[in-house]
1. Which members of the range 5-25 meet the condition of being surrounded by 13 or more Cβ atoms within 10 Å (Cβ to Cβ) and either touching a helix residue (DSSP H, G or I) at 6+ places or on another chain (Cβ under 7 Å) or modelled with pLDDT under 75 (or both)?
2. Just checking, how many residues over the range 210-235 are of a type in the set (D, E, K, R), touching a residue at least 40 places away in the same chain (Cβ under 8 Å) and within 16 Å of Ser83 (Cβ to Cβ)?
3. Please enumerate the residues belonging to the range 294-336 that are within 14 Å of Leu201 (Cα to Cα) and assigned to a loop (DSSP other than H, G, I, E, B).
4. If you take the residues of the range 304-343 that are small (Gly, Ala, Ser) and surrounded by fewer than 21 Cβ atoms within 10 Å (Cβ to Cβ), which of them is farthest from Met234 (Cα to Cα)?
5. Any residue that is more than 30 Å from Pro127 (Cβ to Cβ), surrounded by 22 or more Cβ atoms within 10 Å (Cβ to Cβ), at pLDDT 90 or above and in contact with a helix residue (DSSP H, G or I) (Cβ under 6 Å, 6 or more places away or on another chain) - is there at least one of those in the range 223-241?
6. Which of the helices (runs of 4 or more DSSP H) contained wholly in the range 64-143 include at least 2 residues that are free of Cβ contacts under 8 Å to residues at least 60 places away in the same chain and closer than 19 Å to Gly231 by Cα?
7. Any idea which residue in the range 26-40 is modelled with the lowest pLDDT, counting only those that are in a strand (DSSP E or B) and among the β-branched types (Val, Ile, Thr)?
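The values are calculated or read from the model by the stated rules, or taken from the named source; none is laboratory data. It should be emphasised that the depicted structure is a prediction, and the values quoted were computed from it without experimental measurement. Cβ sites come from the backbone with ideal geometry, for glycine too, and all protein chains shown count toward neighbours.
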Amino acid sequence: MAVVRRGDVWQVQVRIGKDPRTGKWIRRSATCDTKAEAQRVERRLLAEAEANRASWVEPTKLTVEQYLIEWLERKRAEGRTSSTLFHYGDLVKRLIVPAFGKLQLSDLGPAVIQRWQDGLAPSTDAPGASQAAYAHRVLRSALSDAVRLGLLPRNPAQAARPARRTPRKRGGVSIDQAQALFAATEARWAPLFRFLYYTGLRPGEALALRWGDLDMEAGILSVSRSRVLVGPDMVEGAPKTAAGIRTFALPAPARDALRAQWAIQAQDRLAAGPDWRNEEWVFSSRIGGALDLNNVNRAYRRARKAADIPADLPLYSLRHGAASVLLGSGVPLGVAAKLMGHSQVAIFADTYASLLLEASQEAARRVEEFVADRAEKTGTDLRQERPRRVR
């Protein structure tokens, strides 16, 4: 680094850092009219050089594919659920590795990632846009860990925009639709669908329940496990989030559904005889084994069709319907979020934004009724503005 006079001008030259690809020094120079100006430029370039040296990372020889294999193993060791690991691995295998798995990790830049996303979904809501955006989140998470581990100076996926998609409005089964559904459901499946609707449990949480999780006399339920599809298999593990582990009182319709399920299971036990599996599942097969979510979905679709309910309301819509019942009943937002197993009220509010609008409309109607009733009793119309005092 130096400030040198060259004739009528002053020249500055500073090493600002190393090229992350080659490891060679990068130099910056400037020409100034005065020595004082040259010294100011030198101080600025030296500050930039110090920042670059602090962030410089030795280029790694790892390819993107090699790194992602290691990253998935770390996620497994951290205790990520089997379902999450399956989806991460599937996206890595099908969408990420074929695109740039052979590139060295240090060669992965924002432009490469952006072209990949644009190729997967060239326009808003293009087929596969949701999956492309999910793959982008997975890659961004993996590269954030690479930065934390000192393998990359910065995360190139942060600068690349994910595939564009319009957030879906989550619809729920209304009370009237629910009653029609229950009436059209085969007897052995009706208790499960009623229970899902009146508790708001995720289907996987309900399928993981054992009778020991219930205090039928007190009407208390404890949720601590979930059974989900991982590829073709049902796998039991922790709920979707830590907030999914919860204990709460059951409403009367949910307790009635459990009594009906107990009676159905007693009949199944007698019919199965020595073939009965005493596995203590609340919702079980005809011989006491665990239920497969695929079979539950098929039973739900049959009932939905028979009840003439729109096909865009899947099994999970019973959970959204439960949220609608909670909000429409005036249950505080924070309490509703806890009952539904959400870790944050903001997440619950975002997920069920359309239901919150319905609840606010109901609240507005109640306020109007209160004001009208008050006006009738007192002869004072609270809806009229008070006249302003003239000064």
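1. Trp10, Val12, Val14, Arg15, Ile16, Gly17, Lys18, Pro20, listed by residue number.
2. 1
3. Residues satisfying the conditions are Leu315, Tyr316.
4. If we take residues in the range 304-343 being small (Gly, Ala, Ser) and surrounded by fewer than 21 Cβ atoms within 10 Å (Cβ to Cβ), then Gly330 is farthest from Met234 (Cα to Cα).
5. no
6. The qualifying helices (runs of 4 or more DSSP H) are 64-77, 82-91.
7. By that ranking, first place goes to Ile26.
Per-residue answers, yes or no, for (1) outside the structural domain of Leu229 (by TED's automatic domain parsing); (2) more than 30 Å from Ala299 (Cβ to Cβ); (3) at pLDDT below 95:
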residue: Pro127; (1), (2), (3): yes, no, yes
residue: Ser130; (1), (2), (3): yes, no, yes
residue: Leu151; (1), (2), (3): yes, yes, yes
residue: Thr185; (1), (2), (3): no, no, no
residue: Tyr198; (1), (2), (3): no, no, yes
residue: Gly204; (1), (2), (3): no, no, yes
